[in-house]
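Beneath this line is the structure, given in structure tokens, with notes to follow.
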Amino acid sequence: MIMKMDEKRLSEPTRLEAETEIKLKGATICPGIGIGQVRILDREFIVPRNEILESQVQSEQQRYSEAVKTVSDHLHEHIEETHTGSSLSSSLILKTHEAMLTDEQFHKAVISRISTEYKNAAWALEVEGEQIVAGLEASRSPYLMSRAEDIRDLVASIVDALSPTPKTYKKALRQDGELKVCISDNLFPSSVMEARRFHSVAFATESAALSSHAAILLKGFGIPAVGGLRGLRESAANGDQIIVDAVNGVVIIRPEPETVQRYITLKQELEVPEKLPPSPPISSRTKDGFDIHLMANINNPDQIQLVLRNRLEGVGLFRTEFFVLETESFPTEQEQFDIYHQVFTAAGGRRVVVRTFDIGGDKQIPDLHYCTGQNPALGVRGVRRHLLRRPDELQTQLRAILLAAVGFPVGILFPMITTVDDIREIKRLLESVKEELRAEDRPFSEEIQIGAMIEIPAAAISVGDILAEVDFVNVGTNDLLQYFVAADRDNDVVLRYENFENKAFLWLLGFIIERAAELGKEENVTICGEVASHPELVPLLLRLGFRSLSITPTSAQPVRNAIENTDLCVSSIKPTVN
């Protein structure tokens, strides 16, 4: 929890023995290479536990109050130094921390523990903070889990301030300037955001939830990352030199000097200078001459530069909900217009597919009231939220996209489609938005295309009917597989069922593309799930019949290599279910 490592550990690490260095084998989340010093994100700090005398209670309570004041006095400095580079605004983080620091109920609880349990201030603080964190983490809500990180941050700051002199706390705020590789037991969005705050050059985790939204964030930020590293926390300590080889899915702890030099050379060979001007898209073709279209999945406007540098054909999936989650509020029509127009302009004529807010399930914000229940993933999420509860949110987003899309090739993609009736209802709402804009005499894109996410088995089975109503479909293999095998994609325990090569699942993918081909619309089907970013699985998708992939931008070259090495005339795949 707050001060000590969990006793429960995974099995012994898979080690490739070397003289002094330790190698752990895992799985690549985001390709690349990072070299730096270990920074453990699961906060582990030593809290002195001393019972005090009754005569010491008042002075200990006074020490606690002074420590809280010290943290408050240096809060702006703390936010600036530890949260620089976050996509969250510093003012929002500042507001959150100020709210906790002024929570009189929390401070009274700590002071009460000092007097009733005769605990020293740091011990009383740890116990109170641990209770709150346990409750937040038990919720499994990403938003509440991220608030647990804030509680940890606050507790750690006050414990630092309880040190013998204020200089100790001030020193704790400073960073040593060394390149950091963040490691964690878990793979939560909050951990990824913290890694980004520290400008981490790489990320490594024991978690094997490689298709989680935190994993998607790592790919979006372009942070080299490896997961599924059994024994990582037992092998690495803060300050250790570490190499994250997210090309081969290997992490090397305390590497030999010659190993470091070898990876420095390899890293230089792999990196593309960012100062080079973007070049035109590169076409991808199989060994036997089949053209394959490669687009990009992005999470924020800045990532359009990754699309250009990796010379992809466009944006196959712009996940707009991530800038809602990062600011914890819904942007206005003008704010959205500015974001979309920035992306469309920067794309330089490439097609951009904008997915409407996919809020709900494991992607929630504090003022969200409609995606609760025992299983939010099966509740009011995605377009269900808009059709059943908040059509106003969708109308605002549609207005902003239509207005910003003038003169650009743009598609609008709707998530969590279940039946063709969802599409028809959306089209009616879209037409009403267009009528509003015509009445206001505002120019908007009349040529915009609409598409449906195929991520629910019911939608996959009725894909022919859906394709008759839309211009294109994107197959979201992450959620489609999750719903197909009834296994939570973020739950390590059931990850054995999250197998993209499951014969029944391959049959379903084959069914989707075959139905599209019968309608002459196979070119209008794109795989946008993370499976398309795995080079070893790309030949499988191509042999099923898919010719359009939307991938993590940093996976572009490995995926191109896989395409160029595939000969579709050699063999084909027609999966059957026995």
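The values are calculated or read from the model by the stated rules, or taken from the named source; none is laboratory data. All values derive from a computational prediction rather than experimental measurement. Please note: Cβ atoms are built from the backbone with ideal geometry, for glycine as well, and neighbour counts cover all protein chains shown.
Quick notes on this structure:
- Thr20 assigned to a loop (DSSP other than H, G, I, E, B) and modelled with pLDDT of 75 or more: yes
- Val485 being surrounded by 23 or more Cβ atoms within 10 Å (Cβ to Cβ) and free of Cβ contacts under 8 Å to residues at least 60 places away in the same chain: no
- Within the range 420-447, residues that are in the same structural domain as Tyr340 (by TED's automatic domain parsing) and within 16 Å of Ala405 (Cα to Cα) sit with their Cβ atoms under 7 Å from residues that are among the polar types (S, T, N, Q) and crowded, with 16+ Cβ neighbours inside 10 Å, at 6+ positions apart or across chains, in these pairs: Val433/Gln395.
Yes or no, residue by residue, for (1) farther than 25 Å from Ala215 by Cα; (2) in a strand (DSSP E or B); (3) of a type in the set (Ser, Thr, Tyr); (4) in contact with a Ser or Thr (Cβ under 8 Å, 6 or more places away or on another chain):
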{"site": "Val470", "(1), (2), (3), (4)": "yes, no, no, no"}
{"site": "Phe484", "(1), (2), (3), (4)": "no, no, no, no"}
{"site": "Ala532", "(1), (2), (3), (4)": "no, no, no, yes"}
{"site": "Pro535", "(1), (2), (3), (4)": "no, no, no, yes"}
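- Residue count for the range 514-560, restricted to those that are in contact with a helix residue (DSSP H, G or I) (Cβ under 6 Å, 6 or more places away or on another chain) and charged (D, E, K, R): 4.
- Restricting the range 545-569 to residues that are among the hydrophobic types (A, V, I, L, M, F, W, C) and at pLDDT 90 or above, the residue that is surrounded by the most Cβ atoms within 10 Å (Cβ to Cβ) is Ile551.
- Residue that is nearest to the chain's Cα centre (by Cα) [pool: residues in the range 334-356 that are closer than 9 Å to Ala400 by Cβ and either hydrophobic (A, V, I, L, M, F, W, C) or part of a strand (DSSP E or B) (or both)]: Ile339
- Test for Val324: is it surrounded by 14 or more Cβ atoms within 10 Å (Cβ to Cβ), modelled with pLDDT of 85 or more and assigned to a helix (DSSP H, G or I): no
The rows are residues; the columns are (1) of a type in the set (Gly, Ala, Ser); (2) modelled with pLDDT of 75 or more; (3) over 16 Å from the mean Cα position of the chain (by Cα).
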residue: Val155; (1), (2), (3): no, yes, yes
residue: Ala161; (1), (2), (3): yes, yes, yes
residue: Thr168; (1), (2), (3): no, no, yes
residue: Asp176; (1), (2), (3): no, no, yes
residue: Leu179; (1), (2), (3): no, yes, yes
residue: Asn186; (1), (2), (3): no, yes, no
residue: Thr205; (1), (2), (3): no, yes, no
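- Here the range 409-452 is the region considered, the condition is being of a type in the set (D, E, K, R) and closer than 23 Å to Gly476 by Cα, and the residue that is surrounded by the most Cβ atoms within 10 Å (Cβ to Cβ) is Asp422.
- Consider the range 384-438 and keep the residues that are of a type in the set (Ser, Thr, Tyr) and in a helix (DSSP H, G or I). The one that is nearest to Asp338 (Cα to Cα) is Thr396.
- Some residue of the range 286-295 being closer than 25 Å to Arg196 by Cα, at pLDDT 75 or above, among the charged types (D, E, K, R) and not in a loop (DSSP other than H, G, I, E, B): no
- Long-range neighbours under 9 Å by Cβ, at least six apart or interchain, first residue of a type in the set (Phe, Trp, Tyr) within the range 215-234, second at pLDDT below 90: Phe221/Cys30; Phe221/Ser87; Phe221/Val192; Phe221/Ala195; Phe221/Arg196; Phe221/Asn299; Phe221/Asn300; Phe221/Gln303
- Of the residues making up the range 455-463, not a single one is under 24 Å from Phe344 (Cβ atoms) and either buried (at least 19 other Cβ atoms within 10 Å of the Cβ) or modelled with pLDDT of 95 or more (or both).
- Selection count where residues are in a loop (DSSP other than H, G, I, E, B) and closer than 20 Å to Gly451 by Cα, scope the range 537-551: 3
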